[in-house]
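Before any comments, here is the structure.
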Amino acid sequence: MKIVFLDRDTIGPTVTITRPRFAHEWVEYGKTAPEEVAGRIGDADIVLTNKAPIRAEQIAAAPKLKMISIAATGYDVIDVPACKARGITVSNVRGYATNTVPEHAFALILALRRSIVGYRQDVINGEWEKSGQFCFFTHPIKDLAGSRLGIMGEGALGQSVAQIARAFGMEPVFAAHKGATGLGPLYTPWDEVIETADILTLHAPLMPATKNMISTPEFEAMKRKPLLINTSRGGLVDEAALVDALDRGLIAGAGFDVLTKEPPAPDNPLLKVLDRPNVIVTPHVAWASEEAMQTLWNQVIHHVENFEQGQPSNVIG
């Protein structure tokens, strides 16, 4: 059985890349461009991928392909209907990021809420020496305790974020899905969350219903000028509208770990405001604690072994 791993470089160097315990041929690539996929999986039985896309045309060029194990929870890089039509099993990883992503979200929240970036830069620039006193006040500092945290996404990550928020003395509320009603007591109406949250954090999947779900109308409705945190998926927020909201003072700041295109295109509007103390952009690493990445990889191989034993797990579609 031939196993092809298309993008090893997307998994951190500290991760132990274990292999399935059954007999197999292993072929591994650091990265694979879209136009290289078909040639590399043409005679594969099993393919492992994180971000290398496998679309209908690549699937058609791989007559032996039986299983794809995705090294991620999101599976938008895979043409799942085409796989289903061919009887190809697709599995993803789940639950590996319930510590790392919420912790990263709160790292961004704390850094922005307490203006850590701005004060650090002031010290580097010599402003402390110039101040003539033991401290100075060039940026706002606010407590988390007593603030309202609007969470968009009620899955495992959203629930973990809520748990951390309660420990800080915050009031976490889960936003109802945009445009939906009657979802039950867990949810606070979307418009109310937009209007009343001091901080908004996104933990929702990217799909047609959620694409650009936060844009100019939402920013203009944010009465409390909240922080906006996105450690979920690029595309949930209209990035041009986000920069406009920052320019107009409609929000207090933005902490983003994901962008619509990754790596960002040179014309991404967020790249023009990276020097602002109330903007933090990290390179899609919220998921990437060493512990989480090892757990992720262990799941990838576990799914491959389960498939080989006739008991596929975490099957999509």
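The values are calculated or read from the model by the stated rules, or taken from the named source; none is laboratory data. Treat the numbers as computed from the prediction; the structure is a model and nothing was measured. Every residue, glycine as well, gets a Cβ built from its backbone with ideal geometry; the counts of neighbours run over all protein chains shown.
Below is a table of values for the structure above.
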read-out	value
Count of segment 23-34 residues which are outside any loop (DSSP other than H, G, I, E, B) and of a type in the set (Lys, Arg)	0
Any chance His104 is surrounded by 15 or more Cβ atoms within 10 Å (Cβ to Cβ), in contact (Cβ under 8 Å) with a residue 12 or more places away in the chain, in the same structural domain as Val273 (by TED's automatic domain parsing) and outside any helix (DSSP H, G or I)	no
Check on Arg166, of a type outside the set (Asp, Glu) and over 23 Å from Ala204 (Cβ atoms)	no
Breaking point among (1) under 22 Å from Ala162 (Cα atoms); (2) crowded, with 23+ Cβ neighbours inside 10 Å, for Leu242	(1)
Residues of segment 1-27 that turn out to be without any contact (Cβ under 8 Å) to a residue 24 or more places away in the chain and under 26 Å from the mean Cα position of the chain (by Cα), as a count	3
Extreme residue, nearest to Ala176 (Cα to Cα), among residues of segment 193-216 that are in contact with a helix residue (DSSP H, G or I) (Cβ under 9 Å, 6 or more places away or on another chain) and assigned to a helix (DSSP H, G or I)	Ile194
Neighbours by Cβ (under 8 Å, 6+ apart or cross-chain): first from segment 139-164, over 14 Å from Val101 (Cβ atoms) and touching a residue at least 40 places away in the same chain (Cβ under 8 Å); second assigned to a helix (DSSP H, G or I) and hydroxyl-bearing (Ser, Thr, Tyr)	His139/Tyr119; Arg148/Thr196; Gly150/Thr196
Test for Val37: is it outside any loop (DSSP other than H, G, I, E, B), under 20 Å from His302 (Cα atoms) and modelled with pLDDT of 95 or more	no
Residue list for segment 51-70, restricted to those being of a type outside the set (A, V, I, L, M, F, W, C) and either within 12 Å of Lys84 (Cα to Cα) or not in a helix (DSSP H, G or I) (or both)	Lys51, Pro53, Arg55, Pro63, Lys64, Lys66, Ser69
Answer from Gly310, Gly317 - the residue that is at positive phi and under 22 Å from the mean Cα position of the chain (by Cα)	Gly317
Any pair with Cβ under 8 angstrom, 6 or more apart, that starts in segment 57-71 at a residue that is surrounded by fewer than 16 Cβ atoms within 10 Å (Cβ to Cβ) and ends at one that is of a type in the set (Val, Ile, Thr) and part of a helix (DSSP H, G or I)	Ala61/Ile41
Qualifying residue in segment 122-137 (condition: in the same structural domain as Ala167 (by TED's automatic domain parsing), in a helix (DSSP H, G or I) and surrounded by 18 or more Cβ atoms within 10 Å (Cβ to Cβ))	yes
Tabulated pairs, segment 213-230, first assigned by TED's automatic domain parsing to the domain that holds Leu250, second at pLDDT below 95 and surrounded by fewer than 22 Cβ atoms within 10 Å (Cβ to Cβ), C-beta under 7 angstrom, 6+ apart or interchain	Met213/Lys178
Residue check for Ala44: closer than 11 Å to Ile3 by Cα, in contact with a strand residue (DSSP E or B) (Cβ under 9 Å, 6 or more places away or on another chain) and outside any strand (DSSP E or B)	yes
Output for segment 291-309, where each listed residue is crowded, with 21+ Cβ neighbours inside 10 Å and in contact with a Pro (Cβ under 6 Å, 6 or more places away or on another chain)	Val304
All positions within segment 194-232 that are of a type in the set (D, E, K, R) and out of contact with any Ser or Thr (no Cβ under 8 Å at 6 or more places or on another chain)	Glu195, Lys211, Glu218, Glu220, Lys225
Any pair with Cβ under 9 angstrom, 6 or more apart, that starts in segment 245-259 at a residue that is assigned by TED's automatic domain parsing to the domain that holds Pro140 and modelled with pLDDT of 95 or more and ends at one that is basic (Lys, Arg) and assigned to a helix (DSSP H, G or I)	Ala252/Arg113; Gly253/Arg113
